[in-house]
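Here is the structure we will look at, set down as structure tokens.
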Amino acid sequence: MNSTQAQLLTAFLADERAWHSGDQLAGQIGVSRESVWKAINGLRKRGYQIESRKNRGYRYQGSTALDELAIRLMAGSRFSGPITVEQTVASTQELAKRAVSQTNPPQLAAFFADEQTAGYGRLGRSFYSPAQTGLYFSLILPNPTNDLTKVGLLTTSVAVSVLRVLQATFPAQPFGLKWVNDLYLNQRKVGGIITEASLELESTSAAAFIVGIGLNLTTADFPAPLSSLAGGIAPGTTVDRNRLAATLIAAISQDYQAYPTTAWLPFYRTHSLILGKPVTVRVAGQNISGCAETIDENGALVVALPSGERRHLMSGEVTRVVMD
């Protein structure tokens with residue numbers, strides 16, 4: 001994006017609902033009307049939707065392109081770290097890990113990709129990440145406590161942050177959470193969250209957390225193994241991924257700082273899809289079956305076994321849920 005395009009985008013985002021005349025934009029930026037026209041065409045080619053109308057000028061209507069500048073402008077002061085956007089990468093988690101290894105101490109940062117060729121989630125499972133239809137990103141979150149004992153509450157707080165943003169963006173959609181951090185809609189997985197720690201070897205504490213998030217926004221077609229399991233949040237619609245990206249990184253970076261508290265648990269429990277239901281959880285190669293009772297004060301899933309014993313599970317995968 002050249003400087004004229006960047007200045008135009010800044011002007012549009014400063015007041016998105018307003019019409020801007022060509023003369024007004026030219027005077028504001030200090031270029032000719034012809035330069036404004038060329039820059040607007042350039043923005044359109046990059047995926048920005050800019051309406052033009054005689055005697056009114058131009059008005060910004062959103063974007064289909066994932067763009068670093070747009071995310072930065074929309075996030076504003078709500079996100080203080082650098083933002084990187086790539087077209088195609090193996091995994092945004094790998095980008096974030098590389099950045100952590102090169103920065104001491106770790107700093108808040110966000111890494112986005114339009115497409116991932118080797119995106120992954122919990123337990124190393126691949127996450128289908130096609131171009132243009134999803135939002136795939138990783139955040140470096142410096143650990144405010146240097147403690148690992150409450151990491152279950154971190155994953156809980158991130159899930160709540162993401163879910164609240166999605167509810168505000170898609171208010172008609174009945175989202176739910178499947179422990180640990182899968183996002184579901186109409187019994188299909190529409191998103192996943194993975195939390196990894198960057199360890200300080202000398203103290204065996206976590207210097208930072210690397211949180212990866214993948215969301216199927218308008219994805220309609222999935223490979224055969226996933227077609228009956230995964231879904232998109234809003235197929236057939238247009239989603240301004242830049243706005244959603246800015247809102248998500250702002251919310252997560254703000255909320256996670258209080259993660260050692262249990263403030264997020266009531267919301268998480270309310271939106272859980274498995275509590276009160278018979279489940280089977282795969283843990284360290286073994287299946288544990290019982291009733292999912294609650295999420296405890298450390299973020300662990302409490303499963304009541306037929307024997308009466310209660311197991312508090314900090315990790316694992318719910319492989320079976322008996323729905324009503």
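Would you call Ser161 modelled with pLDDT under 95, under 16 Å from Ala250 (Cβ atoms) and touching an Asp or Glu at 6+ places or on another chain (Cβ under 9 Å)? Here the answer is no, as Ser161 does not meet what is asked. In the stretch 237-250, is there at least one residue being surrounded by 13 or more Cβ atoms within 10 Å (Cβ to Cβ) and farther than 30 Å from Thr10 by Cβ? No. Kindly evaluate Ala26 against the criterion of being part of a helix (DSSP H, G or I), more than 36 Å from the chain's Cα centre (by Cα), free of Cβ contacts under 8 Å to residues at least 40 places away in the same chain and surrounded by 15 or more Cβ atoms within 10 Å (Cβ to Cβ). Here the answer is yes, as Ala26 does meet what is asked.
For the stretch 116-136, check the following and say yes or no: at least one residue is on the phi > 0 side of the Ramachandran plot and outside any helix (DSSP H, G or I). Scanning the stretch 116-136, I find at least one residue that is on the phi > 0 side of the Ramachandran plot and outside any helix (DSSP H, G or I), so the answer is yes. Taken over the stretch 238-273, the criterion of being of a type in the set (Lys, Arg) and closer than 30 Å to Gln61 by Cβ is satisfied by Arg241, Arg243. Here the condition is being over 18 Å from Ser253 (Cβ atoms) and in contact with a helix residue (DSSP H, G or I) (Cβ under 7 Å, 6 or more places away or on another chain); of Leu183, Leu141, it holds for Leu183 alone.
Is it the case that some residue within the stretch 103-110 is assigned to a strand (DSSP E or B), in contact with a helix residue (DSSP H, G or I) (Cβ under 8 Å, 6 or more places away or on another chain) and over 30 Å from Ala224 (Cβ atoms)? Yes, the stretch 103-110 has at least one match. A single entry from Ala18, Ala90, Ala110 fulfils the requirement of being assigned by TED's automatic domain parsing to the domain that holds Glu196, hydrophobic (A, V, I, L, M, F, W, C) and surrounded by fewer than 17 Cβ atoms within 10 Å (Cβ to Cβ): Ala90. Screening Gly152, Gly119, Gly191, Gly81 for residues that are under 24 Å from Asp67 (Cβ atoms), out of contact with any Phe, Trp or Tyr (no Cβ under 9 Å at 6 or more places or on another chain) and surrounded by 14 or more Cβ atoms within 10 Å (Cβ to Cβ) leaves exactly one candidate, Gly81. Residues in the stretch 40-93 that are at pLDDT 95 or above, in contact with a strand residue (DSSP E or B) (Cβ under 6 Å, 6 or more places away or on another chain) and part of a loop (DSSP other than H, G, I, E, B): Gly81, Pro82, Ser91.
If the condition is being more than 19 Å from Asp240 (Cα to Cα) and β-branched (Val, Ile, Thr), then the stretch 31-61 contributes Val31, Val36.
Of all residues in the stretch 259-269, one or more are in the same structural domain as Lys178 (by TED's automatic domain parsing) and aliphatic (A, V, I, L, M).
Here's the yes/no breakdown for (1) part of a loop (DSSP other than H, G, I, E, B); (2) surrounded by 17 or more Cβ atoms within 10 Å (Cβ to Cβ); (3) in contact (Cβ under 8 Å) with a residue 60 or more places away in the chain:
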| position | (1), (2), (3) |
| --- | --- |
| Arg282 | no, no, no |
| Asn287 | no, no, no |
| Ala292 | no, yes, yes |
| Asn298 | yes, no, yes |
| Gly308 | yes, no, no |
| His312 | no, no, no |
| Ser315 | yes, no, yes |
| Thr319 | no, no, no |
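The values are calculated or read from the model by the stated rules, or taken from the named source; none is laboratory data. For clarity, every value in this text was computed on a predicted model and none was experimentally measured. Heads up, the Cβs are rebuilt from the backbone with ideal geometry, glycines too, and the neighbour counts pull from every protein chain shown.
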